[in-house]
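What follows is a set of notes on a single structure, which appears directly below.
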Amino acid sequence: MDSFPTIAVVSILVIFLANNIQTEAQLSPTFYDATCPRALDTIRTSIRRAVSRERRMAASLIRLHFHDCFVQGCDGSVLLDQTSTIQSEKTALANNNSARGFEVIEAAKLEVEKICPGVVSCADILSVAARDASVAVGGPTWQVKLGRRDSTTASRSAADSNLPSPFANLGDLITKFQNKGLSPRDMVALSGSHTIGQAQCFVFRNRVYSNGTDIDAGFASTRRRQCPSAIGNGDSNLAPLDLVTPNSFDNNYFKNLMRKKGLLISDQVLFSGGSTDSIVAEYSRNPGTFLADFASAMVKMGDIEPLAGTSGIIRKVCSAVN
């Protein structure tokens with residue numbers, strides 16, 4: 001009586017596993033070895049050139065990859081411009097007048113198209129660019145799995161709902177990352193990318209004027225100098241996310257958190273008496289552990305819902321559907 005259901009369940013499981021294995025196999029570090037062997041070198045050269053021109057661009061490219069993967073998966077949707085049929089993610093709250101580096105990805109795509117037209121996706125170029133940007137500022141490297149294809153759609157509403165807010169509390173952050181298959185440890189490691197880059201006044205104003213017990217008074221005073229209290233006054237003024245070594249990929253971000261010198265609310269909540277305090281403390285003591293965990297978390301993030309096989313397209317330019 002029980003044999004048929006058991007066989008059916010086993011058969012379904014085998015099909016499920018086979019499909020999963022096939023999907024995983026489609027993403028591979030060697031994906032372009034035969035079809036475009038110079039792709040990675042070409043992207044690396046282009047990204048190094050951009051970061052050498054502007055050090056801050058490294059942080060922007062890592063963030064752009066993150067903002068891509070958290071919306072529809074790592075499919076290059078964040079790169080699409082607004083059209084009559086596409087609600088561009090560039091206009092979402094977290095990206096509008098904030099996300100940057102689009103022209104750097106487009107330039108890398110142009111160089112790759114010269115040697116291998118129609119072969120390498122924008123989603124893959126963005127994934128590789130994030131790795132190369134990290135290396136360019138002294139951060140870790142990792143093996144990027146390749147074979148992603150590009151979406152033909154974008155979703156501003158999904159960007160607004162899926163991307164973590166700089167004002168988020170710890171519980172909200174954990175939930176946002178867990179929804180994408182990333183653990184609290186992955187979240188803390190990925191947040192460590194705030195060891196480089198800058199933030200605009202309007203996203204840290206509330207924190208530096210809060211007079212809260214979770215912010216160092218001297219640090220708050222320093223940040224107020226370039227961020228007036230009145231809303232609309234100096235909103236786009238920039239401050240480094242890491243006051244100590246803003247252009248080097250290191251573990252000072254975590255040391256800052258332990259001194260109540262996190263710039264964003266979503267930074268400081270990682271060390272505020274909650275469940276992630278021990279991870280922050282560990283990373284502050286062991287830079288090697290942080291760098292290894294960051295690389296591992298970036299690989300995991302790059303695996304979020306990629307389009308592969310016959311799904312999606314290979315865009316000719318990254319900002320528009322062919």
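The values are calculated or read from the model by the stated rules, or taken from the named source; none is laboratory data. Bear in mind the structure is a predicted one, so any value in this text is a computation, not a measurement. Backbone-built Cβ (ideal geometry, glycine too); neighbour counts: all protein chains shown. In case anyone asks, the SASA skips ligands and DNA or RNA and just uses the protein heavy atoms, side chains included. Shrake-Rupley method; radii C 1.70, N 1.55, O 1.52, S 1.80 Å.
Which members of region 127-141 meet the condition of being assigned to a helix (DSSP H, G or I), open to solvent by 30 Å² or more (accessible area, probe 1.4 Å) and in contact (Cβ under 8 Å) with a residue 12 or more places away in the chain?
First, the residues of region 127-141 that are assigned to a helix (DSSP H, G or I): 127-136.
Okay, now just the ones that are also open to solvent by 30 Å² or more (accessible area, probe 1.4 Å), so 135-136.
Ala136, the sole residue that qualifies.
Take the residues in region 46-86 that are assigned to a loop (DSSP other than H, G, I, E, B), free of Cβ contacts under 8 Å to residues at least 12 places away in the same chain and not small (Gly, Ala, Ser), then tell me which one is farthest from Ile196 (Cα to Cα). Outline the logic, then answer.
The first filter runs over region 46-86 and keeps only residues assigned to a loop (DSSP other than H, G, I, E, B), leaving 54-56, 70-76, 80-86.
Those left that are additionally free of Cβ contacts under 8 Å to residues at least 12 places away in the same chain: 54, 82, 84-85.
With the extra rule that they be not small (Gly, Ala, Ser), the set shrinks to 54, 82, 85.
Details: Glu54: 12, Gln82: 29, Thr85: 36 Å.
The selected residue is Thr85.
In region 150-168, which residues are of a type in the set (Asp, Glu) and open to solvent by 20 Å² or more (accessible area, probe 1.4 Å)?
Applying the first criterion (of a type in the set (Asp, Glu)) to region 150-168 yields 150, 160.
Within region 150-168, just Asp160 meets the criteria.
Please tell me if Glu89 is more than 15 Å from the chain's Cα centre (by Cα) and not assigned by the TED database to the domain that holds Asp235.
Working: more than 15 Å from the chain's Cα centre (by Cα): no; not assigned by the TED database to the domain that holds Asp235: yes.
So Glu89 does not fit the description; no.
So which residues in region 87-107 are in contact (Cβ under 8 Å) with a residue 24 or more places away in the chain and open to solvent by 40 Å² or more (accessible area, probe 1.4 Å), if there are any at all?
Within region 87-107, the subset in contact (Cβ under 8 Å) with a residue 24 or more places away in the chain is 87-89, 91-95, 97-102, 104-107.
Selection gives Gln87, Thr91, Leu93, Asn97, Arg100, Phe102, Glu106, Ala107.
Would you please name the residue that is surrounded by the most Cβ atoms within 10 Å (Cβ to Cβ), looking only at residues in region 110-124 that are under 19 Å from Ala50 (Cβ atoms) and out of contact with any Leu (no Cβ under 9 Å at 6 or more places or on another chain)?
Checking each candidate, the answer is Val112.
Considering only residues of region 87-117 that are assigned to a helix (DSSP H, G or I) and aliphatic (A, V, I, L, M), which is nearest to Thr45 (Cα to Cα)? Don't jump to the end; show me each part of the working.
Of all residues in region 87-117, those assigned to a helix (DSSP H, G or I) come to 89-91, 102-115.
Narrowing further to those that are aliphatic (A, V, I, L, M): 104-105, 107-108, 110, 112, 115.
On the way: Val104: 11, Ile105: 12, Ala107: 11, Ala108: 9, Leu110: 13, Val112: 11, Ile115: 14 Å.
For region 87-117, the residue satisfying everything is Ala108.
Among the listed residues Asp124, Asp172, which satisfies the condition of being of a type outside the set (Ser, Thr, Tyr) and touching a residue at least 24 places away in the same chain (Cβ under 8 Å)? Full working, then the answer.
Working: Asp172 fails: touching a residue at least 24 places away in the same chain (Cβ under 8 Å).
Answer to the selection: Asp124.
Working only within region 222-237, note down all residues that are open to solvent by less than 50 Å² (accessible area, probe 1.4 Å) and not in a loop (DSSP other than H, G, I, E, B).
Passing the criteria: Thr222, Arg223.
Return only the number of the condition from (1) part of a helix (DSSP H, G or I); (2) open to solvent by less than 60 Å² (accessible area, probe 1.4 Å); (3) in contact with a helix residue (DSSP H, G or I) (Cβ under 9 Å, 6 or more places away or on another chain) that Gly309 does not satisfy.
(1)
Among the residues in region 238-252, are any at pLDDT 95 or above, under 24 Å from Leu170 (Cβ atoms) and in a helix (DSSP H, G or I)?
yes
When you scan region 188-215, how many residues do you find that are under 28 Å from Gly138 (Cα atoms), in a loop (DSSP other than H, G, I, E, B) and in contact with a Lys or Arg (Cβ under 7 Å, 6 or more places away or on another chain)? Don't jump to the end; show me each part of the working.
Pass one, region 188-215, residues under 28 Å from Gly138 (Cα atoms): 188-201, 203-204.
Add one more test, that the residue is in a loop (DSSP other than H, G, I, E, B), and what stays is 196-197.
Still in the list and also in contact with a Lys or Arg (Cβ under 7 Å, 6 or more places away or on another chain): 197.
Qualifying residue count for the region: 1.
Being surrounded by fewer than 23 Cβ atoms within 10 Å (Cβ to Cβ), closer than 24 Å to Phe70 by Cα and of a type in the set (S, T, N, Q) is the filter here; which residues of region 182-211 pass it?
Residues satisfying the conditions are Ser183, Gln198, Gln200.
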